[in-house]
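The values are calculated or read from the model by the stated rules, or taken from the named source; none is laboratory data. Note that this is a predicted model, so its numbers are computed, not measured. All Cβ positions, glycine included, derive from the backbone under ideal geometry; neighbour counts span all protein chains shown.
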């Protein structure tokens, strides 16, 4: 795991966790609009860069993120944000930070696939992800981008709005990356065998779950509403999976700032 930062260290800290197949650059797209008021911390998760690591579990990622915060003197977060798979990891981070006594003012979980599917379904998704990640293992970024754009799985995830995701897909295919079998398995488990930790009433009230109303991940909302009835749930129309942060990053950053200052 590697970390990038923006902004003044003396400002309140925010932590932005990217989604599957992405990296810190994906968070930078909207994080740069937070850097005027906040110290922005953006990890590239294990298995997603070129540092030789594997993504194993949300809990291991949480431990590494906590260690970084502690080593760098970060004692509290104004915002903990996660996108897609990163939202599931952010949930594990929130549990750990609460256990360690590190205060988090607000959590913003965007497009999280908080599912708990059977082993058979997870096996199918593992095979699909294994096929998808091979598109990154090339020195031809244009071909990788085109193949990602035309992927059936991407079309399903984006609900036919793949063209809206071209800037992000082009960005994440600019460099050759290899995703190990361990990492693909880890991604599958984090997304589709997601643990929902216990949170107190006060901890739940600091949680915001945000989904595009057309995206497949919204189908997990019933499960999280049952687990966290005191959390805030918000939706938006007209966008695919995590579409607002991709299409309107400045407006999305404004939503983050509003979340830190008041309920949305």
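Quick look at the values:
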quantity: Condition broken by residue 176, with the remaining ones in (1) in contact with a strand residue (DSSP E or B) (Cβ under 9 Å, 6 or more places away or on another chain); (2) assigned to a loop (DSSP other than H, G, I, E, B); (3) modelled with pLDDT under 95; (4) under 29 Å from residue 56 (Cβ atoms) satisfied; calculated: (1)
quantity: Subset tally (residues that are assigned to a helix (DSSP H, G or I) and at pLDDT 90 or above) for segment 219-243; calculated: 9
quantity: Residue among 259, 171, 253 that is buried (at least 16 other Cβ atoms within 10 Å of the Cβ), assigned to a helix (DSSP H, G or I) and either free of Cβ contacts under 8 Å to residues at least 12 places away in the same chain or in contact with a strand residue (DSSP E or B) (Cβ under 6 Å, 6 or more places away or on another chain) (or both); calculated: 259
quantity: Cβ pairs under 8 Å, 6+ apart, first in segment 193-215 and at positive phi and in contact (Cβ under 8 Å) with a residue 24 or more places away in the chain, second loosely packed, with under 15 Cβ neighbours inside 10 Å and part of a strand (DSSP E or B); calculated: none
quantity: The lone exception for residue 213 - which of (1) more than 17 Å from the chain's Cα centre (by Cα); (2) farther than 28 Å from residue 142 by Cβ; (3) surrounded by 18 or more Cβ atoms within 10 Å (Cβ to Cβ) it fails; calculated: (3)
quantity: Hits in segment 130-158 - residues which are without any contact (Cβ under 8 Å) to a residue 24 or more places away in the chain, under 22 Å from the mean Cα position of the chain (by Cα) and buried (at least 17 other Cβ atoms within 10 Å of the Cβ); calculated: 149, 151, 154
